[in-house]
1. Would you mind listing the strands (runs of 3 or more DSSP E) fully within the stretch 66-147 where at least 3 residues are exposed (fewer than 15 other Cβ atoms within 10 Å of the Cβ) and at pLDDT below 95?
2. If a residue has to be open to solvent by less than 70 Å² (accessible area, probe 1.4 Å), modelled with pLDDT under 85 and assigned to a strand (DSSP E or B) to count, how many in the stretch 1-25 make the cut?
3. Gly226: touching a residue at least 24 places away in the same chain (Cβ under 8 Å), in contact with a Phe, Trp or Tyr (Cβ under 9 Å, 6 or more places away or on another chain) and not polar (S, T, N, Q), yes or no?
4. Output yes when any residue across the stretch 163-181 is open to solvent by less than 10 Å² (accessible area, probe 1.4 Å), touching a His at 6+ places or on another chain (Cβ under 7 Å) and without any contact (Cβ under 8 Å) to a residue 40 or more places away in the chain, and no when none is.
5. Going by the conditions given, is Ser227 open to solvent by 10 Å² or more (accessible area, probe 1.4 Å), assigned to a helix (DSSP H, G or I) and either more than 24 Å from Gly301 (Cα to Cα) or acidic (Asp, Glu) (or both)?
6. Could you grab the pairs with beta carbons closer than 7 Å, sequence gap of 6+ or different chains, first residue in the stretch 182-195 and closer than 19 Å to Arg271 by Cβ, second one in a helix (DSSP H, G or I)?
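The values are calculated or read from the model by the stated rules, or taken from the named source; none is laboratory data. As the structure is a prediction and not an experimental result, all values here were calculated from the model. We place every Cβ from the backbone using ideal geometry, glycine too, and count neighbours over all the protein chains shown. Note: accessible area is taken over every heavy atom of the protein model, side chains too, but ligands, DNA and RNA are not part of it. Shrake-Rupley method; radii C 1.70, N 1.55, O 1.52, S 1.80 Å.
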Amino acid sequence: MISTHRLSSLVLTESRSSRYADGAFSLERCLKGEVGLSPSFSAVDAETSDDLWRTSDGYTQPTTLALAAASSPDAAEALKALPAFYDAGGVTTQQFTAASADGTAVPYFLVSKEGLPLDGSTPTLLYGYGGFEISLTPSYSAGIGAAWLEKGHAYVQANIRGGGEYGPRWHQAALKEKRSKAYEDFEAVARDLISRGVTSPSKLGCQGGSNGGLLTGNMLARPTAGSTLFGAIVCQVPLLDMRRFHKLLAGASWMGEYGDPDTDDWSFLQRYSPYHNLDEATAYPPILVTTSTRDDRVHPGHARKLVSKLLDLGKGPSTFYYENIEGGHGGAANNKQRAFMSTLAYSFLEQTLASKNRGE
């Protein structure tokens, strides 16, 4: 009997195959994949065969099904693949690490055209989440490909603390009073991209939704981020008011992640509550905030309050807001609405980061 499972390393996804015999499992082989691909294995028939189904996808490869033998899983025969929805010719995936404020190595994927000029001129989108032990691994996205990569822009996915990429300890490293570690990690990736010459602050945007909206909200409000690092921010179905989050919809169930603002936890919660950390004297980068009237997880009041405060502070010219009346926490109710919301975000990023009318 063969069992397989996956481990993420700093560079590759590693699949390990174990054999069960005499009442115990023994490790038989390790297979390291390619950078930017996410393979998984399952038995064709666990009782009668050692053949395996291998399913894989990545930033430039649509989901592909292949047949392999457990004895030689790297010699898989591709059977079927979903269609490609953008031209990935010349697009490569690389992985780097950035040193966070406490010295922790934070990995990230950079997807870009081969021969990317290292002169800071490339519009670059940095995406992150960093919470609830959710792992961000390579996957195929027609939207990112067609709307961003085909234009010669760069896409970056950051594996910051709070996620599950490296197990429970990676998640626990950014819980409650340690939440700022996730934001320091994200800022470190942004600085690393700038120092490498991949992009520059006026050309770098960031995007995140839900807990990732809290992340990008902090990229707006934190004095170490803002316009110092970013030229545009997309903040989707976000959590932004950490004083009252636990009183709205599903918020009470997140106190294990963030803390309880009705206790002494407020002393650290207020430090990463974007709504409470805005001020009139700061020049903020352009921000697009989107939400859904019918979001039943993160109350749309979070987005509304932040935008209202930005307007009250005189930040109207750089503040953009869209609220879909349908869609729940996903922000859209059907494919047509999803396409619209995606187009809205990429149009905003294109105009703010790539427009030739920005005095360049």
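1. Hits in the stretch 66-147: 72-81.
2. Matching residues across the stretch 1-25 total 11.
3. Considered against the rule, which asks whether it is touching a residue at least 24 places away in the same chain (Cβ under 8 Å), in contact with a Phe, Trp or Tyr (Cβ under 9 Å, 6 or more places away or on another chain) and not polar (S, T, N, Q), Gly226 comes out as yes.
4. Taking every residue of the stretch 163-181 in turn, at least one turns out to be open to solvent by less than 10 Å² (accessible area, probe 1.4 Å), touching a His at 6+ places or on another chain (Cβ under 7 Å) and without any contact (Cβ under 8 Å) to a residue 40 or more places away in the chain.
5. It is true that Ser227 is open to solvent by 10 Å² or more (accessible area, probe 1.4 Å), assigned to a helix (DSSP H, G or I) and either more than 24 Å from Gly301 (Cα to Cα) or acidic (Asp, Glu) (or both).
6. Taking only residues 6 or more apart or on different chains, the pairs are Ala182/Leu215; Tyr183/Leu215; Tyr183/Asn218; Tyr183/Tyr272; Phe186/Leu215; Phe186/Met219; Glu187/Leu229.
Residues checked against (1) surrounded by 21 or more Cβ atoms within 10 Å (Cβ to Cβ); (2) farther than 18 Å from Leu214 by Cβ; (3) of a type in the set (D, E, K, R):
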{"position": "Ile287", "(1), (2), (3)": "yes, no, no"}
{"position": "Thr291", "(1), (2), (3)": "yes, no, no"}
{"position": "Arg304", "(1), (2), (3)": "no, no, yes"}
{"position": "Lys309", "(1), (2), (3)": "no, no, yes"}
{"position": "Ile325", "(1), (2), (3)": "no, yes, no"}
{"position": "Ala339", "(1), (2), (3)": "no, yes, no"}
{"position": "Leu349", "(1), (2), (3)": "yes, yes, no"}
